[in-house]
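Structure first, commentary second.
The values are calculated or read from the model by the stated rules, or taken from the named source; none is laboratory data. In this text, all values refer to a predicted model and were calculated from it rather than measured experimentally. Here the Cβ positions follow ideal geometry from the backbone for every residue, glycine too, while neighbour counts run over all protein chains shown.
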Amino acid sequence: MTENHLSYLIRGVIFKVYNELGPGLLESAYEQALIYELNEIDLRVKSQVPQPLVYRAIHLAVGYRLDLLVEDKVVIEIKSVENLAEVHHKQLITYLKLSGLKLGLLVNFNSSNISENIFRKVNGLKDEISNYPRPNPR
C-alpha cells in the first residue's frame, strides 16, 4: 500500500476519532483511540517509536520518538494545543528527514474544525493523493 493510500485511510480514522471524542482531551487519549481504530482496519501501527539521532556518523545518546508510525511508512504527529506553532510543522519535517520516511501527518485535535487541522508533510514523495477521494468528516 502506498503512503498516499495510507494517508487517505488515516485521515478517515482521524475524522472518526475526532467525531467520537471531540476536542480538548490529552494527546495520549487521541493516540490510544487512533491505535484502536487503525488496528480495526488492519493497519499495523506502532506508538512512541524511538528514533536514534545520528550526528556526523556518531550515534548520540539522545533521540526522539514518533507518536505513531503506520505500516512503517507514515508518521502521525499528534497535538492537542490551542494553536499549532510553526515549530510543530518543522518538527515533523525534521522527523521525516532524519528517519528517511516520506510522509507525515500533523494533526491538532484541539480544534473546532478537524479538517482544517490535519497537515500533510512530505519528504521527497510524489503526490498522488488526487487519486483518492477526500474522506467525509462526518
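Structure data summary
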{"read-out": "Positions within region 40-56 being farther than 20 Å from Gly104 by Cβ and at pLDDT 90 or above, in sequence order", "value": "Glu40, Asp42, Arg56"}
{"read-out": "Options Tyr64, Tyr36, Tyr30, Tyr95; residue that is among the aromatic types (Phe, Trp, Tyr), farther than 16 Å from Phe119 by Cβ, outside any loop (DSSP other than H, G, I, E, B) and touching a Leu at 6+ places or on another chain (Cβ under 8 Å)", "value": "Tyr64"}
{"read-out": "Qualifying residue in region 43-51 (condition: surrounded by 11 or more Cβ atoms within 10 Å (Cβ to Cβ), farther than 24 Å from Ser99 by Cα, touching a Ser or Thr at 6+ places or on another chain (Cβ under 9 Å) and not acidic (Asp, Glu))", "value": "no"}
{"read-out": "Selection count, region 98-138, where residues are in a helix (DSSP H, G or I), at pLDDT 95 or above and loosely packed, with under 12 Cβ neighbours inside 10 Å", "value": "1"}
{"read-out": "Condition check for Leu25: in contact (Cβ under 8 Å) with a residue 60 or more places away in the chain and of a type outside the set (Val, Ile, Thr)", "value": "yes"}
{"read-out": "Count - residues of region 1-22 that are outside any helix (DSSP H, G or I), loosely packed, with under 15 Cβ neighbours inside 10 Å and touching a residue at least 12 places away in the same chain (Cβ under 8 Å)", "value": "1"}
